[in-house]
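A.B. asks: Right, I'll just put the structure down here and ask away after.
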Amino acid sequence: MKQLRLIAPLVCVALVAFLSGCGSDKREGSTPPQIQASQSCLGCHSGTASRVTGASVATDWLRSAHASAAGGAGCDDCHHATQLGHPQNGSIPPLPNDSVCTAQCHTNTVAMSTQRAHFANQSASYLGFPLSRLNLTLVNPVNTIATPGTETATSWSSCNGCHNPHDPTTLLTVNRQWAQSGHGDTTSEAFDEEPFVKFSGGTCNRCHSATGFRYYMTVGVQRVITPALLGAYSSAKEVISCNACHTDYSWRRLSSDSRVAFQVFSTPYVRSDAISKRIPGSNFTTTASTIGDSQLCVPCHAGRTGARVGAAISLASPTTAPFDSHYFPAAATMYGKIGFINFTSLTAVLPAVTATTGTTGYGAIAATTYGQSLITNEDISGGVTSTHRRLGTPAINGDSHSPSFFTPGHLDANGPCVVCHMTAGHTLTFENTTFAQNTYNQVCINCHTSERGTPLNATNFMDLFVRENRDQMFDALALAVRLLETNYGISINLTDDEALETPQDVSYVFTATGRSAGLTGVTAGTPITGTNWAAYLTANGLSNLQVYKLKGAMFNIILNYKENSAFLHARTLTRRLIYDSVDFLDDGLMNQSAGTTAQAVSLQGNASSNRVFGKFVKDLRAFVTNTDGPLYGTTTPSMTYLIGFDRTTGAWTPPQRERP
């Protein structure tokens, strides 16, 4: 407060200069009437700091269109201070709600173009307005957000949730970034397919609407959101708007809340007895997690289901049809909470490998268990580590990739989701060129400086690293699908084959050849259902254990198509899940045969008949020297994705499966 009192006189001087025309020959009458009418307010509140910018609210307002435009808005137009008898009675005018914006100025007639820009001609409910206020027609200005910890309603302004009314331009950059993100896409199936807010059961609205998410995060339960529960608020379709994650336009995040609702982030299933449902892991305590604001990302990116839920993939219930993870389970992938890992015993020992020298020499590999190679160190001792999981946490300090950079204060707060997807703003996606380049310059460059001997920079990073690595993962998945087709008569239906712009559109179908030939009513491309799956099993006489592992492999395949950035979120874990799936699908055994199988399959047919034709070639070594250098001879990138190699010497390592 002392600082505010000190700057107040200076601001007042500036205001007087502004109001008098700063020495110009303009007469007082040329001053906009809203400024003249606001002089007494400005005199007292010039030292009041904006919760958004930190600057004086008077300064913010004076540089806005509200102050300068003809017919603009003065202080009393929004705050109605005179109606309250302020300042005589000492009452402080409340934060204006939507009725002030929509009834007085931004009416139906005035704001039609704005409405189209905000809602893409869809329901105004998309951005958290009451359904009754479609087309910005004001009916009920209150009942717009659940009061934290209760089920009553209060007047929280949807307009002010995204815009700083004192100077709307201060948030335009962020607003526009958000509008380009997946969270703001009003045409996305995630928000447009159903009126998820009213969806039966309440579980969908937790992630498919701002209302449901905020309700879950503040009250701590999932609930069907209806007008009866929240008044007139959002009973139609809705994107993930600002008020889902932010308390208001001050940008205080819901993750700063200390209520118990913020301590229940977990996947909705149990992957293995050794793995906690909680994210980050079993070390998660009753206090706030070290992943900070990334807590807000976890509830919707933990996957809808997993590899050990109910009868879906149970040894005891083989006839239940295969299922999938739901799309974009990035948090579950990163923290090793998803994916089928029960192809063999988790306690099975993977023996130590002795170091060798010479042209094909490699370093020693310590003994480990199958489980330790698939479960993270957040859950078990000796488990899989990850630099990406350490980003945004104190654990990144001193990281060997760049110890001089990773010091306290550098990318060690708010968790990995925020560090990688929000350091460059609210666009969120790396498919946005500007966002990707800014993120590379601020985050990725600290570790990723070259790829196979080619220096990386902000311009080539997406093509040479991100898209190249995604292609390698898709080649490995295509190999698994090829084996599924050949050995089991099952294929996968992809909207865009290997590009997968919409990874939610992935499903399993029968090929009507091999094991699925002759099934009643089944032709090529018939989707798998509970009925024809049961018939398929009867026709083929597979044991319960075989079916269990088959469905596990199918789960891993569709998981990594639907989480099409798994190669970034959990590179090591993802490679092992795919390798093990291929290892099972080629001969029904876990015998480290995936690499040999890949070489054989990539020689069959041609590129038009075999999606992995020519993709898996193994020369004498993986790399000429190490991973900073080029590939050796005819070795292909996808081969280095599928099987293990020594990152220091560039040699292949036995056994083929990548080891810790």
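The values are calculated or read from the model by the stated rules, or taken from the named source; none is laboratory data. All values reported here derive from a predicted model rather than from experimental measurement. Virtual Cβ from ideal backbone geometry, glycine too; neighbours counted across all protein chains shown.
A.B. asks: Scan segment 214-226 and give yes if some residue there is modelled with pLDDT under 75, touching a Leu at 6+ places or on another chain (Cβ under 8 Å) and either at positive phi or among the basic types (Lys, Arg) (or both), otherwise no.
C.D. replies: Yes: segment 214-226 contains one or more residues that are modelled with pLDDT under 75, touching a Leu at 6+ places or on another chain (Cβ under 8 Å) and either at positive phi or among the basic types (Lys, Arg) (or both).
A.B. asks: For segment 570-596, name all the residues that are small (Gly, Ala, Ser), surrounded by 24 or more Cβ atoms within 10 Å (Cβ to Cβ) and out of contact with any strand residue (DSSP E or B) (no Cβ under 9 Å at 6 or more places or on another chain). Give the derivation first.
C.D. replies: So the first thing to find is which residues in segment 570-596 are small (Gly, Ala, Ser), and the list is 570, 581, 588, 593-595.
With surrounded by 24 or more Cβ atoms within 10 Å (Cβ to Cβ) added as a condition, the list becomes 570, 581, 594.
Within segment 570-596, Ser581, Ala594 qualify.
A.B. asks: Just one of Asn441, Asn469, Asn446 is in contact (Cβ under 8 Å) with a residue 24 or more places away in the chain and out of contact with any helix residue (DSSP H, G or I) (no Cβ under 9 Å at 6 or more places or on another chain); which is it?
C.D. replies: On the way: Asn441 fails: in contact (Cβ under 8 Å) with a residue 24 or more places away in the chain; Asn469 fails: out of contact with any helix residue (DSSP H, G or I) (no Cβ under 9 Å at 6 or more places or on another chain).
Exactly one residue qualifies, and that residue is Asn446.
A.B. asks: Shifting gears a bit: Evaluate segment 464-482: report whether one residue or more is of a type in the set (Val, Ile, Thr) and either surrounded by fewer than 19 Cβ atoms within 10 Å (Cβ to Cβ) or farther than 29 Å from Ser188 by Cα (or both). Spell out the reasoning first.
C.D. replies: Step one: of segment 464-482, the residues of a type in the set (Val, Ile, Thr) are 466, 481.
Those left that are additionally either surrounded by fewer than 19 Cβ atoms within 10 Å (Cβ to Cβ) or farther than 29 Å from Ser188 by Cα (or both): none.
Scanning segment 464-482, I find no residue that is of a type in the set (Val, Ile, Thr) and either surrounded by fewer than 19 Cβ atoms within 10 Å (Cβ to Cβ) or farther than 29 Å from Ser188 by Cα (or both), so the answer is no.
A.B. asks: Another question, then. What about Leu559, is it crowded, with 24+ Cβ neighbours inside 10 Å and either at pLDDT 95 or above or over 27 Å from Thr387 (Cβ atoms) (or both)? Walk me through how you get there before you give the answer.
C.D. replies: Working: crowded, with 24+ Cβ neighbours inside 10 Å: yes; either at pLDDT 95 or above or over 27 Å from Thr387 (Cβ atoms) (or both): no.
No.
A.B. asks: Continuing with the same structure: Residues that are in contact with a helix residue (DSSP H, G or I) (Cβ under 6 Å, 6 or more places away or on another chain) and either more than 29 Å from Thr538 (Cα to Cα) or at pLDDT below 85 (or both): does segment 357-366 have at least one? Lay out the reasoning, then the answer.
C.D. replies: Filtering segment 357-366 down to residues in contact with a helix residue (DSSP H, G or I) (Cβ under 6 Å, 6 or more places away or on another chain) leaves none.
Looking for residues that are in contact with a helix residue (DSSP H, G or I) (Cβ under 6 Å, 6 or more places away or on another chain) and either more than 29 Å from Thr538 (Cα to Cα) or at pLDDT below 85 (or both), one finds none in segment 357-366, hence no.
A.B. asks: Which ones in segment 18-40 are surrounded by 14 or more Cβ atoms within 10 Å (Cβ to Cβ), part of a loop (DSSP other than H, G, I, E, B) and modelled with pLDDT under 85?
C.D. replies: Thr31
A.B. asks: Something else: What pairs can you find where one residue is in segment 203-227 and within 19 Å of Glu193 (Cβ to Cβ) and not assigned by TED's automatic domain parsing to the domain that holds Ala190, the other is modelled with pLDDT of 75 or more and surrounded by 24 or more Cβ atoms within 10 Å (Cβ to Cβ), and their Cβ atoms are less than 7 Å apart, with a gap of 6+ or different chains?
C.D. replies: none
A.B. asks: Could you check, for segment 348-369, whether at least one of its residues is without any contact (Cβ under 8 Å) to a residue 12 or more places away in the chain, part of a loop (DSSP other than H, G, I, E, B), out of contact with any Gly (no Cβ under 7 Å at 6 or more places or on another chain) and under 22 Å from Ala553 (Cβ atoms)?
C.D. replies: No, that holds for no residue.
A.B. asks: Can you list residue pairs whose Cβ atoms sit under 6 Å apart, with the first residue in segment 552-564 being under 10 Å from Leu585 (Cβ atoms) and the second being surrounded by fewer than 24 Cβ atoms within 10 Å (Cβ to Cβ) and of a type outside the set (Phe, Trp, Tyr)? Count only pairs 6 or more apart in sequence or on different chains.
C.D. replies: Hits for this filter: Met554/Pro322.
A.B. asks: Here is a further query. Considering only segment 623-658, how many residues are part of a loop (DSSP other than H, G, I, E, B) and closer than 16 Å to Ser450 by Cβ?
C.D. replies: Quick first cut of segment 623-658, residues part of a loop (DSSP other than H, G, I, E, B) only: 624-630, 632-636, 643-644, 646-651, 653-658.
With the extra rule that they be closer than 16 Å to Ser450 by Cβ, the set shrinks to 624-630, 647-648, 650.
Here the count works out to 10.
A.B. asks: Let me ask something additional. Can you tell me how many residues in segment 334-347 are within 22 Å of Ser400 (Cβ to Cβ), assigned to a loop (DSSP other than H, G, I, E, B) and either out of contact with any strand residue (DSSP E or B) (no Cβ under 8 Å at 6 or more places or on another chain) or among the hydroxyl-bearing types (Ser, Thr, Tyr) (or both)? I'd like the intermediate steps shown before the answer.
C.D. replies: From segment 334-347, those within 22 Å of Ser400 (Cβ to Cβ) are 334-336; that's our starting set.
Narrowing the set further to residues that are assigned to a loop (DSSP other than H, G, I, E, B) leaves 335-336.
The next check asks that each one be either out of contact with any strand residue (DSSP E or B) (no Cβ under 8 Å at 6 or more places or on another chain) or among the hydroxyl-bearing types (Ser, Thr, Tyr) (or both); those that pass are 335.
Residues in segment 334-347 being within 22 Å of Ser400 (Cβ to Cβ), assigned to a loop (DSSP other than H, G, I, E, B) and either out of contact with any strand residue (DSSP E or B) (no Cβ under 8 Å at 6 or more places or on another chain) or among the hydroxyl-bearing types (Ser, Thr, Tyr) (or both): 1 in total.
A.B. asks: Among the residues that make up segment 453-467, is at least one of them modelled with pLDDT under 95, closer than 30 Å to Thr344 by Cβ and among the hydroxyl-bearing types (Ser, Thr, Tyr)?
C.D. replies: No.
A.B. asks: Another question about this same structure. Which residues, counting only those in segment 176-191, are surrounded by fewer than 18 Cβ atoms within 10 Å (Cβ to Cβ), part of a helix (DSSP H, G or I) and touching a residue at least 60 places away in the same chain (Cβ under 8 Å)?
C.D. replies: Matches in segment 176-191: Gly182, Glu189.
A.B. asks: Quick check on this structure: which one of Asp646, Asp628 is out of contact with any strand residue (DSSP E or B) (no Cβ under 7 Å at 6 or more places or on another chain), in contact (Cβ under 8 Å) with a residue 40 or more places away in the chain and among the acidic types (Asp, Glu)?
C.D. replies: Numbers: Asp628 fails: out of contact with any strand residue (DSSP E or B) (no Cβ under 7 Å at 6 or more places or on another chain).
Selected residue: Asp646, the only one of Asp646, Asp628 that is out of contact with any strand residue (DSSP E or B) (no Cβ under 7 Å at 6 or more places or on another chain), in contact (Cβ under 8 Å) with a residue 40 or more places away in the chain and among the acidic types (Asp, Glu).
A.B. asks: Among the residues that make up segment 356-369, is at least one of them touching a Phe, Trp or Tyr at 6+ places or on another chain (Cβ under 8 Å) and either basic (Lys, Arg) or within 30 Å of Ile490 (Cα to Cα) (or both)? Please lay out each step first, then the result.
C.D. replies: To start, the set of residues in segment 356-369 that are touching a Phe, Trp or Tyr at 6+ places or on another chain (Cβ under 8 Å) comprises 356, 360, 362.
Okay, now just the ones that are also either basic (Lys, Arg) or within 30 Å of Ile490 (Cα to Cα) (or both), so none.
Within segment 356-369, not a single residue is touching a Phe, Trp or Tyr at 6+ places or on another chain (Cβ under 8 Å) and either basic (Lys, Arg) or within 30 Å of Ile490 (Cα to Cα) (or both).
Residue-wise test of (1) surrounded by fewer than 18 Cβ atoms within 10 Å (Cβ to Cβ); (2) over 30 Å from Trp178 (Cβ atoms); (3) aliphatic (A, V, I, L, M); (4) in contact with an Asp or Glu (Cβ under 6 Å, 6 or more places away or on another chain).
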residue	(1), (2), (3), (4)
Ile338	no, no, yes, no
Ile375	no, yes, yes, no
Glu378	no, yes, no, no
Gly382	yes, yes, no, no
Ser400	yes, yes, no, no
Ala424	no, no, yes, no
Thr427	no, no, no, no
Phe435	no, no, no, no
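A.B. asks: Now for a different question. Using the structure shown, decide if Pro299 is modelled with pLDDT under 90 and either under 29 Å from Gln592 (Cα atoms) or part of a loop (DSSP other than H, G, I, E, B) (or both).
C.D. replies: On the way: modelled with pLDDT under 90: yes; either under 29 Å from Gln592 (Cα atoms) or part of a loop (DSSP other than H, G, I, E, B) (or both): no.
No; evaluated as a whole, the condition is false for this residue.
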